[in-house]
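Structure first, then comments.
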Amino acid sequence: IEEVALPASFANVVSLHRRVMAVEAAQYHQRRFRRHPEDYDPCFSALLWEGIECSAPEYARAKEHQARLTEEMHEVLESIDALICPAATGPAPSSETTGDPAFNVPWSFTGLPAVSFPVELADGLPVAVQLVGGPFEERAVFAAALWCEEALAPNLGEPSELHRKG
């Protein structure tokens with residue numbers, strides 16, 4: 001196990017991922033959204049408006065950043081089996097939300113495989129880590145996750161009432 005420095009371009013990943021996601025969602029939904037905006041949840045509507053209002057140069061810069069960061073992350077992952085990092089900003093959220101995506105966004109943005117698993121409980125809710133692997137290394141990421149689960153042997157007990165209802 002060793003510490004690995006992430007590229008400097010990693011810093012802007014959350015906002016740039018949102019820009020790309022907004023533009024691409026707007027491109028897909030634009031026709032229906034303009035005719036039937038009432039069919040869309042307010043949060044999703046806001047995302048679609050962001051995409052509609054984004055300029056072509058802004059989108060192009062975000063896509064260039066995505067390509068650069070993807071290449072840089074491939075280089076980082078060439079010499080290691082997997083990155084281990086937090087899966088979320090804290091314990092699992094309530095069932096009303098999927099939580100803050102900040103620690104998942106980089107891997108969606110760069111197309112890298114990731115798997116998360118719980119390692120402890122905090123107030124009855126799981127706290128998880130995630131492993132991230134190189135491109136098309138899903139099998140290696142799952143093997144590393146299995147090794148980690150066996151090595152850590154987390155004793156998580158019974159699921160909380162909140163998650164058992166789902």
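What distance in nm separates the two pseudo spin-label positions at Thr97 and Glu58, each 7 Å out from Cα along the beta-carbon direction?
Here the modelled spin labels are 2.4 nm apart.
So how tilted is helix 56-77 from the main axis of the chain? Cα-based, degrees 0 to 90, rounded to 10.
Approximately 20 degrees, to the nearest 10.
Could you give the size of the charge dipole of region 47-97 about its Cα centre, using +1 on the Cβ of each K and R and -1 on the Cβ of each D and E, expressed in debye and rounded to the nearest 20?
Charge dipole of region 47-97: 80 debye, to the nearest 20.
Per DSSP H run of at least 4 residues, take -39500 (n - 2.57); add these up for the chain, divide by its residues and hand me the 222 nm value, nearest 500 deg cm²/dmol.
-16000 deg cm²/dmol
Dipole size in debye (nearest 20) for region 1-158 around its Cα centre, Lys and Arg Cβ +1, Asp and Glu Cβ -1?
So the magnitude is around 860 debye.
Modelled label-to-label distance, Asp81 and Glu3, 7 Å Cα→beta-carbon offset: nm?
2.2
Pull up all non-local amide H partners of Leu125: gap of 5 or more, or a different chain, and H-to-H distance under 5 Å with H placed in the peptide plane.
Those qualifying (amide H under 5 Å, at least 5 residues apart or on another chain) number zero.
From the phi of every residue in region 133-144, what ³J(HN,Hα) in whole Hz does the Karplus formula 6.51 cos²θ - 1.76 cosθ + 1.60 yield, where θ is phi - 60° and glycine or proline is x?
3J(HN,Hα) across region 133-144, in whole Hz: x, x, x, 6, 9, 4, 4, 5, 5, 5, 5, 5.
With the Cα gyration tensor of the chain giving a ≥ b ≥ c as the square roots of its eigenvalues, does the rule (a/c under 1.5 for rounded; else a/b larger than b/c for prolate; else oblate) give rounded, prolate or oblate?
Oblate, because a/c is 1.5 or more while a/b does not exceed b/c.
How high is the relative contact order of the chain, given as a whole-number percent (alpha carbon pairs under 8 Å, six or more residues apart)?
21
Using modelled amide H (1.01 Å from N, peptide plane; none on Pro or chain starts), what sits under 5 Å from the amide H of Cys54, excluding residues fewer than 5 places away?
HN-HN under 5 Å from Cys54: empty list.
Quick check: pseudo-label points 7 Å beyond the Cα along Cα→Cβ at Thr89 and Ser108, how many nm apart are they?
Rounded to a tenth, the inter-label distance reads 1.5 nm.
At a Förster distance of 22 Å, what's the computed FRET efficiency of Glu149 paired with Asp123, Cβ-Cβ distance as r, to 0.05?
In this case the efficiency is close to 0.50.
Calculate what fraction, in whole %, of the accessible area of the chain sits on carbon and sulfur atoms when a 1.4 Å probe is rolled over the protein chains.
54
Keeping all protein chains in place, calculate the accessible area per residue for the chain (probe 1.4 angstrom), answer in Å².
Per-residue accessible area for the chain comes out at 65 Å².
The values are calculated or read from the model by the stated rules, or taken from the named source; none is laboratory data. Owing to the predicted nature of the structure, the values given are computational and were not obtained by experimental measurement. As a convention, Cβ positions derive from the backbone with ideal geometry for all residues, glycine included, and neighbour counts pool all protein chains shown. Accessible surface areas use protein heavy atoms only, side chains included; no ligands, DNA or RNA. Shrake-Rupley method; radii C 1.70, N 1.55, O 1.52, S 1.80 Å.
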